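The values are calculated or read from the model by the stated rules, or taken from the named source; none is laboratory data. Everything quoted here is computed from the prediction, not taken from an experiment. Here the Cβ is made from the backbone with ideal geometry for all residues, glycine too, and neighbour counts use every protein chain on show. For the accessible areas, the whole protein counts, side chains as well, though only heavy atoms, and no ligand, DNA or RNA atoms are used. Shrake-Rupley method; radii C 1.70, N 1.55, O 1.52, S 1.80 Å.
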Amino acid sequence: MEIEKVILRVIEMPLKKPFTTHLTTVTTRESIIVEVVDKDGLSGFGEVVAFSSPWYTEETVQTTYHILQDFLIPILFRTKIEQPQNVSQLFAKIKGNHMAKAGLETAIWDLYGKRNNRSIAEMIGGERKQVAAGAVVAAKNKIEAIEQIGKFHVLGYQRIKIKIQPGLDYSYIKEIRHQFPDLPLMVDANSAYSLDDVKKLQALDEFQLMMIEQPLGDDDLVEHAILQKQIQTPICLDESIVSFHDAKSAIQLGSCQVMNVKIGRVGGLQNALDIHHLCRKNQIQLWCGGMIEFGISKAFNLALASLPGFTLPGDIPASTNYWEEDITEPEIEVKNGWISVPDKAGIGFSINQKRLHAVTVHREIYQKRAV
Ligand SMILES: [Mg+2]
């Protein structure tokens, strides 16, 4: 494949309701949509999932734009791509900046799929035709949380994840568990605790949670291993796993029993696949995380979650969960708790050009220069 043109679009869309954690509140989602165009005029699409501010990882919409424009796009223009599998290796000379890399790498996967009439799921060895839908509750208090869980429960979501923090943990989860005794529940702390809080975290063992996600430091593996020996609830790592090497170290140390894989956080689809293969070999359960994303990124998540090692429901909701109208069509729907994995070429969804145009606040075209 020879990429002739890359179009970067910065888009902005308000969320239907604010998404609150102890780290931030997201009310409007800003993202970069990456379009790669080959010499035959075929397009592939990727999405950069970095947020406007560095509350989840260090990348932001602005830093990813800079890295794409000044480093990654020039590398792409200098190289002929045989396989999308090779792109992450090509970008390896640029340190970090995983979400910028993933935005461009996934666009190439989509283009390759479209050129070869193969879906992403088919190309990566996906096996499931449907994946289990899970939802995230990021609420300010019990009343709000119970109301949100009730709605997701009625819609058939197969597990609910609740954002917790000190002060919004034991009695909060106790009340939720009381209201929903049999619902598969898990909690996500986004690093809100330290090893001084072991007793607080042990107290959560009584609620039969599926797991506790990222209780300790976002760059820690060692203390999570220490904590896992002291609590029964399985630990799931999110922020701490940004590479294959991290996944390998976490397994060796016993830092977790579950991993949440996000294509953006680990620098692309190929890296996510490598982590999948490693975890499968080592009996680490996987699920696909979410980034309050649009349909392009969701399409990749659905393909990833169709792999055999993704044994747990992910943070994959319906299009209408966050958006009045998404930038892809048809809408992603949850039916009895399941979402169909797209089987058409590439991401398997079409771009709603009218909607994309309406939410674009900045657009730039990068053209390969003739040598
Ligand atoms: Mg998380």
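At a Cα cut-off below 15 Å, give the aspartates and glutamates reachable from K368, other chains included and same-chain residues fewer than 8 away excluded.
Qualifying aspartates and glutamates at Cα under 15 Å: E2, E4, E35, D38, D40, D70.
Peptides 87-97, 51-61, 286-296: what's the order by average Cβ count within 10 Å, highest mean first?
Output ranking for 87-97, 51-61, 286-296: 286-296, 51-61, 87-97.
Tell me, how many Å apart are the Cα centres for region 201-276 and for region 115-162?
About 19 Å separates the Cα centre of region 201-276 from the one of region 115-162.
Using only the alpha-carbon atoms, how far is helix 170-179 inclined from the longest principal axis of the chain? Give it as 0 to 90 degrees, nearest 10.
In the chain, helix 170-179 runs at an angle near 90 degrees to the longest axis.
Students often check this: by mean Cβ neighbours within 10 Å, which of 346-357, 198-209 ranks highest, and how do the rest follow?
So the peptides 346-357, 198-209, ranked by packing, come out 346-357, 198-209.
Could you sort the peptides 300-311, 125-136 by per-residue average Cβ neighbour count (10 Å cutoff), highest mean leading?
With the highest mean Cβ count within 10 Å placed first, the list reads 300-311, 125-136.
Give the percent of DSSP beta bridges with both residues in the chain that are antiparallel, rounded to the nearest 5.
60 percent
Compute the long axis of helix 269-281 from its Cα atoms, compare it with the longest principal axis of the Cα atoms of the chain, and write down the angle in degrees, 0 to 90, nearest 10.
The two axes meet at around 40 degrees.
Under 1.5 on a/c is rounded, so check that first for region 224-371, then, if it is not, pick prolate when a/b is larger than b/c and oblate when it is not; a ≥ b ≥ c are the square roots of the alpha carbon gyration tensor eigenvalues.
Here region 224-371 falls in the prolate category.
At what distance in angstrom do the alpha carbon centres of region 24-44 and region 302-368 lie from each other?
Value for the Cα centre distance between the two parts: 12 Å.
The chain: D in µm²/s via Stokes-Einstein (Kirkwood Rh, Cα pairs, 4 °C, 1.567 mPa s)?
For the chosen part, D equals 62 µm²/s.
Could you check how much of the accessible area of region 122-340 is carbon and sulfur, as a whole percent, using a 1.4 Å probe?
49 percent
If a/c stays under 1.5 just call it rounded; otherwise compare a/b with b/c (prolate if a/b is bigger, oblate if not). Do that for region 122-340, with a ≥ b ≥ c from the square roots of the Cα gyration tensor eigenvalues.
Oblate, since a/c reaches 1.5 and b/c is not below a/b.
Can you tell me what share of the DSSP beta bridges in region 122-340 is antiparallel? A percent to the nearest 5 is fine.
So the antiparallel bridges amount to about 20 percent of the total.
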